[in-house]
Amino acid sequence: MSGERGRARSSTLGLALCALLSALAAAAAATEQESVTCGSVLKLLNNRHNVRLHSHDVKYGSGSGQQSVTGVSVSDDSNSYWTVRGKPGLVCQRGIPIKCGQPIRLTHVNTGRNLHSHHFVSPLSGNQEVSAFGENGDGDDLDVWTVQCGGTSWERDEDVRLKHVGTQAFLTITGEQYGHPIRGQLEVHGTFSPDANNYWTVMEGVFIKPSAEPLKHDEL
């Protein structure tokens, strides 16, 4: 009898351990699927002004003369897609969640230029200019931003700030609107105070998982 009770107890403990491991694995998988990962392609929404981070092959007429970066209200413009990459010289393994505070680059999908900032004055607000710079994903150290978020990793439903490493400016929109030739689009610039104008949330995208097919969140 004692042997039977021992075997029953071992069996019960074994089942409980299996259930616990399964629950932990499921929780880890769920967390992983909710994270922004290296190599993912996404759109970013500015929460205050309800526009997506956008670029196009239109140069600034002042300042650096580099490719302009704006905010657009339409959700289905392919010029609002950006690829999440590591900073120059640092491997960013595809599918690995981006950590809070991690330095990254955002490369504009359609033109291959990186989200960039520098000490030029933005054309409308007089703040710090934000542009798209480089060729085929290659730029310089002023293409690097850190993700400011609240936990361990950048979660897709989380409001985050993007802080420029070279100048310490936050990626911001304060509502200034362009005329011709990009009428209705809002100026994107850098400011130095964290406030409601520099919160961003991930929207549409394709999110890469480790050693797996891309996880789709709406279609490209």
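The values are calculated or read from the model by the stated rules, or taken from the named source; none is laboratory data. Computed from a prediction, not measured in an experiment: that's the story for all the values here. Methodologically, a virtual Cβ is constructed for each residue, glycine included, from the backbone with ideal geometry; neighbour enumeration extends over all protein chains shown. Ligands, DNA and RNA are stripped out before the accessible areas are found, and what is left, the full protein with its side chains, is counted by its heavy atoms. Shrake-Rupley method; radii C 1.70, N 1.55, O 1.52, S 1.80 Å.
How many of the residues in region 41-64 are outside any strand (DSSP E or B) and more than 18 Å from VAL160 (Cα to Cα)? Step through it out loud before you land on a result.
To start, the set of residues in region 41-64 that are outside any strand (DSSP E or B) comprises 47-50, 60-64.
Retained after the next criterion (residues that are more than 18 Å from VAL160 (Cα to Cα)): 60-64.
Residues meeting the conditions: 5.
If I ask for residues that are part of a strand (DSSP E or B) and within 22 Å of ASN110 (Cα to Cα), which ones from region 175-186 would you list? Before the answer, list the steps.
Within region 175-186, the subset part of a strand (DSSP E or B) is 177, 186.
Within region 175-186, just LEU186 meets the criteria.
Would you please name the residue that is modelled with the lowest pLDDT, looking only at residues in region 187-208 that are part of a loop (DSSP other than H, G, I, E, B) and open to solvent by less than 50 Å² (accessible area, probe 1.4 Å)?
Taking region 187-208 first, the residues part of a loop (DSSP other than H, G, I, E, B) are 188, 192-195, 199, 208.
Next cut, open to solvent by less than 50 Å² (accessible area, probe 1.4 Å) only: 188, 208.
Working: VAL188: 98, ILE208: 89.
The extreme case among them is ILE208.
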Review point. Of the numbered conditions (1) in contact with a Leu (Cβ under 6 Å, 6 or more places away or on another chain); (2) more than 19 Å from ALA169 (Cα to Cα), HIS116 satisfies every one except a single condition; which is it?
Key: (2)
